[in-house]
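One structure is given below, encoded as structure tokens.
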Amino acid sequence: MSVHLRVWSDYVCLFCLLAKKPIDEAVAGLDVEVEWMPFELRAEPSPTLRPEGDYLQSVWRRAVYPMARRMGVAIHLPDVSPQPYTRLAFEGYQYAREHGLGGAYNDRLLRAFFQEGLDIGDVEILTGLAAELGLPAADYRGALTTGAYGEAHRAALAEAGAHEITVVPTILINGRHRVEGVPDTAALRRAIEDALPWPLTGAACGTDGC
């Protein structure tokens, strides 16, 4: 039986990109299923943040860039203004997930925004990113323009509400152990190992030899 990690994130949350590295390192070599879950920090019609504003400029200068340098993660404040809504991107995630590419899509969207500065609220940009992953561009674009995955996305948001998700990233390990924020790699790995079924087996000697 594997451990199930569910990670709630938003594509405009810088800490969600930074969290990917310790999560990947913590699960390396273990029987762990990682499932990324949607959460909209600022849903329509609430205004989104502007990168030229004092708030983002200060936070990035004071906290984000120093943390990213320590972690060795490339990241920069995108100049898309105002920042995009992520509903369409998440509807696209539901499409990608249905086609077995949910994890790859999630990673590509985070990198597209925070490393390439792309407007991930634009249907054509999203379609190009989906095509990069091997998803059929016309079918993907049609799914977004018709709202075919709107209900699936709303159901995912309702699940976030049921788990009382209020910040991202939030990690649930087997639906019980909860980690909020960018995790410490070693601490997260210990929590995962504690959730693995026992007994764990390794190299050993027996009565017939080693």
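The values are calculated or read from the model by the stated rules, or taken from the named source; none is laboratory data. Note that the coordinates shown come from a computational prediction; the quantities given were computed from them, not determined experimentally. So basically every Cβ, Gly included, is an ideal-geometry build from the backbone, and we count neighbours across all protein chains shown. Accessible surface areas use protein heavy atoms only, side chains included; no ligands, DNA or RNA. Shrake-Rupley method; radii C 1.70, N 1.55, O 1.52, S 1.80 Å.
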Note to self: I'd like the full set of residues that are aliphatic (A, V, I, L, M), surrounded by 15 or more Cβ atoms within 10 Å (Cβ to Cβ) and part of a loop (DSSP other than H, G, I, E, B), limited to segment 50-78.
What the structure shows: Val73, Ile75, Leu77
Next item on the list: Mind listing whichever residues of segment 79-112 are part of a helix (DSSP H, G or I), of a type in the set (Ser, Thr, Tyr) and closer than 23 Å to Pro22 by Cβ?
Entry: Tyr93, Tyr105
Item checked: Top-ranked residue in segment 28-49 [being among the aliphatic types (A, V, I, L, M) and under 15 Å from the mean Cα position of the chain (by Cα); ranked as surrounded by the most Cβ atoms within 10 Å (Cβ to Cβ)] -> Met37
Item checked: Residue that is closer than 27 Å to His4 by Cβ and in contact with a helix residue (DSSP H, G or I) (Cβ under 7 Å, 6 or more places away or on another chain), where the choices are Arg176, Arg108, Arg154, Arg141 -> Arg108
Margin query: Here are the criteria: (1) touching a residue at least 12 places away in the same chain (Cβ under 8 Å); (2) assigned to a loop (DSSP other than H, G, I, E, B). Tell me which single one Pro45 does not satisfy.
Written below: (1)
Margin query: If I ask for residues that are open to solvent by 60 Å² or more (accessible area, probe 1.4 Å), touching a Lys or Arg at 6+ places or on another chain (Cβ under 9 Å) and polar (S, T, N, Q), which ones from segment 79-126 would you list?
Written below: none
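A quick yes/no check of all residues on (1) of a type in the set (D, E, K, R); (2) in a helix (DSSP H, G or I); (3) out of contact with any His (no Cβ under 7 Å at 6 or more places or on another chain); (4) modelled with pLDDT of 95 or more:
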residue: Ile120; (1), (2), (3), (4): no, no, yes, yes
residue: Thr127; (1), (2), (3), (4): no, yes, yes, yes
residue: Ala130; (1), (2), (3), (4): no, yes, yes, yes
residue: Ala138; (1), (2), (3), (4): no, yes, yes, yes
residue: Arg141; (1), (2), (3), (4): yes, yes, yes, yes
residue: Ala148; (1), (2), (3), (4): no, no, yes, yes
residue: Ala160; (1), (2), (3), (4): no, yes, yes, yes
residue: Thr166; (1), (2), (3), (4): no, no, yes, yes
residue: Pro183; (1), (2), (3), (4): no, no, yes, yes
Checklist line | Unique residue being out of contact with any strand residue (DSSP E or B) (no Cβ under 9 Å at 6 or more places or on another chain), without any contact (Cβ under 8 Å) to a residue 12 or more places away in the chain and open to solvent by 20 Å² or more (accessible area, probe 1.4 Å) when the list is Ala148, Ala131 | finding: Ala131
